[in-house]
Structures are given as structure tokens and as C-alpha cells.
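The values are calculated or read from the model by the stated rules, or taken from the named source; none is laboratory data. What you see is a predicted model; the values in this text were computed from it and never measured. For neighbour counting, all protein chains shown are included, and Cβ atoms are generated from backbone atoms with ideal geometry for every residue, glycine included.
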Amino acid sequence: MKRLFPITPALLCLLGGLSIAVVEAAAPADPPAKTEAAPAASAAQVNTFNRLMTPKSDRNQPPPLDGIHDPEGPGTKTLQAPRDAFSALPKSSGGNYVNWVQALKDKAINPRYDRLNPKEEPMIMELDIVREVKGFMPDVVYPHDRHTQWLDCSNCHPDIFVPQKGANTISMAQILMGQKCGVCHGKVAFPVSECRLCHSKKKDQALLKK
Amino acid sequence: MSTRFPGFAPAPKSPGKLRRMALMVGLACLLWGGDLMAEYADIVINNYSDKAGMRPAIFPHWFHRIRFRCKVCHADLGFKFKAGGNDINMLKIIDGQFCGGCHNGEIAWSVENCDICHSGKPNTPTQVHGNTIQKLVK
């Protein structure tokens, strides 16, 4: 035991040195990851980092270049380019790449709740619905407040969701096929690639171990 | 991918978890993917346009949601959540239904500006542009 004692500080120093070396070795790897967007200019080439991902340079194209508007159409050039409108809005990583809920919260936009009366305020319902999911993902929290600031109750109830606890079975397959939450999410509201925006409540770890 | 999922699950420990992660990353890549350049949720309506010799109409959701909440059109004006499912025609619009609720020269510009709506490429099918099914099934 006595012999081991002087060795341990030396060992600790060695380990410390090693860990610093590891950190140093890892550090230079970071900058290329941060400049991930840089090769976007050459995104038209076949050997891009991920040919399935829309490069930042191709997002929010102006109507004459977006592929569905007719560049020859006399009205196309008069249309506003999405980038002009989005530059002042908070960003997100899917859909229009705009965080619409945050934009409303920040008062970056003030959309009317009534066609004619600009002063009409939405009726906001504050009720979170927690749905315990069967798989490994965190449970789903459905916030009524963020939905009622955009929508009317009748948009979802009773046609899409029966307003009764336990009366609605929802699966990701249905959502992917445009049913239930997928009536909006994946079409106009943030898409299903943003898993954690819905699956946001950590499961009870004690229950998981049982 | 970690930048896309702030707070994503900790490093996978078992091969099962690894497989699930790989599956999810694959799915995510698919969903982000593609050559779709136009704006998410642009609606192309081509129920009658092509047959009538007009360019299909394009409804930009993003432009309208900056100005109106979903409720105005989808509850008050009665637009169903279905591209092409509302059977809109110019007669109804001039009569003040659907788009005509606002595009009447009072709230928004009026129907004589044909080419602003009818600005799609000819023969573009009715669709919700950039939707999940469109990205998964090509």
C-alpha cells in the first residue's frame, strides 16, 4: 500500500495530461462542423454532404425560382419573396424555417383574429393535455394555449379530436399520413421532424424500470 | 444532427438504441429532404384552372398567416383543411364566398388581378407543397 501512494499522484498527473490532450485533439474538429453551411454554394454537385437535406441557400426561394410558380406569369414577379418577410421573424429548423408561435409571442407579427375587426382578441384556453406514449419517446404534451391563439375550437373538435379523455387513438403512422395532428403538422404547422416539440415530457424513470 | 435536436437523447448505450437512433436519423433526413424549393404549405389549386386555360392558383399560407390567424379562414370563412376540397370557383369568389371574403377590393385587392393568384406553372397538380406525404412518397 505504501508503495502505491507515491504512484497515484503521478498517475493522476498522467491522466490529467491525457484528458487535456484528448480535449485539445477534439477541439480542432469543432470548427468544420460549425461551418457546415459553407459548402452550400456547391450544393448543386452530386457529392454534397447530404443530398437529401435542403441547403440553406435553397430555402425560402422567391416565387419566380421556387419551382411551382410560372416565371413567365405576369403576376409572379409582383409576389413578395418569403425571405423578405421572414428576415425579421424568429427562426426554426423545419417547415418555413420560421417559429410562428414565437413570432406571435414576440409581437413580431400581429395577425387578425377577425376578418374585419383588427382589435378582436383570441379566446385562449389554458389546458395542457399529457398523452403517455407507449414507445421509448418522452410523453406528448399538447398545449391548448398555443393552438387556441391561432385556431377556433371547432377546427379540431369534434371532427378531428373527440373532446373526451381517452377517446382518441393517435399514432405516428396516422400523423405521417395526414390524419389527427397531421392535418396541420406536416402540412402547414411545424413538421414531424421536430419530434421534441411534442414529445417533451420526460417519462417517470421509476415507472420505466418496472 | 445534434444541432437539430437540442437536448436530444444522450449517447446511445445499447445496440437496440443505436438502431433506433439510426432509423430516426434516416427518417429525419427523408423528411427534411429534397428538391422542394417552394414555400412549405403553399397550396396549388388546380380543380378547374387548366381546363379553363388559366394557370393554376397558388395560395401562400405563409403570407396570409402573417396577417390573419387560421381561425379567420378555416372557421369563419369555412375553408376545409383539404387542398382542392373546397370546390372554389370564380362565381363564388365574386359572390363573397371563400377568397372573396377578403379579396373584394375592401380588405384585400379584388378579383380583376387574375394573374396574382393564377401564377402557377401550367399542369401543376393540386397539392399542399412540401407536405410530409409528398416528401415520403415520390
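It is to be established whether one or more residues within the range A:146-155 are surrounded by 11 or more Cβ atoms within 10 Å (Cβ to Cβ) and among the small types (Gly, Ala, Ser). Yes.
Taking the residues in the range B:79-106 that are exposed (fewer than 14 other Cβ atoms within 10 Å of the Cβ) and under 24 Å from B:GLU39 (Cβ atoms) as candidates, determine which candidate is nearest to the chain's Cα centre (by Cα). My answer is B:LYS82. Taking the range A:73-82 as the range and being more than 8 Å from chain B (Cβ to nearest Cβ) and either within 30 Å of the chain's Cα centre (by Cα) or at pLDDT 95 or above (or both) as the test, only A:ALA81 passes. Filtered by the rule that a residue be under 24 Å from A:GLN80 (Cα atoms) and either charged (D, E, K, R) or touching a residue at least 60 places away in the same chain (Cβ under 8 Å) (or both), the range B:61-103 gives B:ARG65, B:ARG67, B:ARG69, B:LYS71. Among the residues that make up the range A:40-62, is at least one of them closer than 19 Å to B:ARG67 by Cβ, surrounded by 10 or more Cβ atoms within 10 Å (Cβ to Cβ), at the interface with chain B (Cβ under 8 Å from one of its Cβ atoms) and modelled with pLDDT of 50 or more? Yes, there is a match, as at least one residue in the range A:40-62 is closer than 19 Å to B:ARG67 by Cβ, surrounded by 10 or more Cβ atoms within 10 Å (Cβ to Cβ), at the interface with chain B (Cβ under 8 Å from one of its Cβ atoms) and modelled with pLDDT of 50 or more.
For the range B:19-63, taking the residues that are at pLDDT below 90 and not in a helix (DSSP H, G or I), the one that is surrounded by the fewest Cβ atoms within 10 Å (Cβ to Cβ) is identified as B:ASP35. Quick one: is A:ALA85 within 9 Å of chain B (Cβ to nearest Cβ), outside any loop (DSSP other than H, G, I, E, B), surrounded by fewer than 19 Cβ atoms within 10 Å (Cβ to Cβ) and small (Gly, Ala, Ser)? So A:ALA85 passes the test. Across the range A:97-112, the qualifying residues are those that are closer than 25 Å to B:CYS102 by Cβ and in contact with a Leu (Cβ under 9 Å, 6 or more places away or on another chain), and the one among them that is surrounded by the fewest Cβ atoms within 10 Å (Cβ to Cβ) is A:ASN110. Summed over the range B:118-138, the residues that are assigned to a helix (DSSP H, G or I) and free of Cβ contacts under 8 Å to residues at least 60 places away in the same chain give a count of 1.
Looking for whichever is in contact with a helix residue (DSSP H, G or I) (Cβ under 9 Å, 6 or more places away or on another chain), within 7 Å of another protein chain (Cβ to nearest Cβ) and aromatic (Phe, Trp, Tyr) here; the options are B:PHE81, B:PHE68, B:PHE98. Which one fits? None of the other options fit; the residue is B:PHE81. The helices (runs of 4 or more DSSP H) falling completely within the range A:94-210 that include 2 or more residues that are within 11 Å of chain B (Cβ to nearest Cβ) and either touching a residue at least 60 places away in the same chain (Cβ under 8 Å) or not β-branched (Val, Ile, Thr) (or both) map to A:100-105, A:153-156, A:172-176, A:195-198.
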